[in-house]
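Single-structure report; data block below.
Each reported figure results from applying straightforward, stated rules to the coordinates on display, with no laboratory input. Every value quoted in this text rests on a predicted model; they were computed, and no experiment measured them. Don't worry about glycine lacking a Cβ; one is built from the backbone with ideal geometry, like all the others, and counts go over all protein chains shown.
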Amino acid sequence: MRRLVTFPLALPLFILLLLLPFILLACVALLSLTAADLVGRALGLSPLEALLIYMAILLGSVVNIPIYEFKSPGSARPPTVPYLGSRYRLPVWQGHRTIVAVNLGGCIMPAALSVYFALNLPFTPLLLTTLIVALGVFYFARPVRSVGIMVPMFIPPLLAVGASLTSLYIDGSGFASLARMAFASGVFGTLIGADIMHLGSIRKVGSDFVSIGGAGTFDGILLTGVIATILAAILTSV
């Protein structure tokens, strides 16, 4: 049960993200825009809908749903480390059961929202953008022993927004759907590049618990939506 409810982020950052919508509302007020204009123009959602979805994703991120488990292999031979001209043996890891789970707020909820957005997006730019994000995230993702797959938090949103701008420009469909495109491609690309394409590496990281869309990737998925929404609102208001 302890593993099923975990914070995917450091507690101070989690609290900051809880306060983020209210900080953004203050900034919007200073720019003489309305929340309805900002969110409606970027995502096609009402301010209340966007706030409820954001809070549901953030609060849902502490819930992990186990889907399967496997036996992690132990060390083939005792590892050694050099010290003062000699080599010393480290304890041998004998292996254990690894639980693989999906994160409610970092995988299931954003994926469902991305599917909803994708229904009204041009297919070719979305496919191209998702592929770019997936390959970029796969390149930067690193298996960290005893932790899982880690991705620098700003890589997914920057890739998603940059690729979405480029694909929409080439397609000639305008930037009205930038936020929805960046959100969908950022979520799909991050889940594919960081989690799905690294499934083979999970057996090597030595962690007893791995969450798809949880720690290591959740911050990038959430920031993709936030950064894409802000940038899209700015571009469509100029």
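Observations on the structure shown:
- Cβ-based exposure ranking for Ser211, Ser177, Ser201, Ser164, in which fewest neighbours within 10 Å come first: Ser201, Ser177, Ser211, Ser164
- Peptides 128-136, 167-175, 220-228 ordered by packing proxy, namely the average of other Cβ atoms within 10 Å per residue, highest first: 220-228, 128-136, 167-175.
- Neighbour counts of other Cβ atoms within 10 Å put Thr217, Thr6 in the fewest-to-most order Thr6, Thr217.
- Counting other Cβ atoms within 10 Å as a rough exposure proxy, the listed residues Arg97, Arg142 run Arg97, Arg142 from fewest neighbours to most.
- Here the simple spin-label model places points 7 Å from the Cα toward Cβ, and for Glu69 and Phe140 these points are separated by 3.4 nm.
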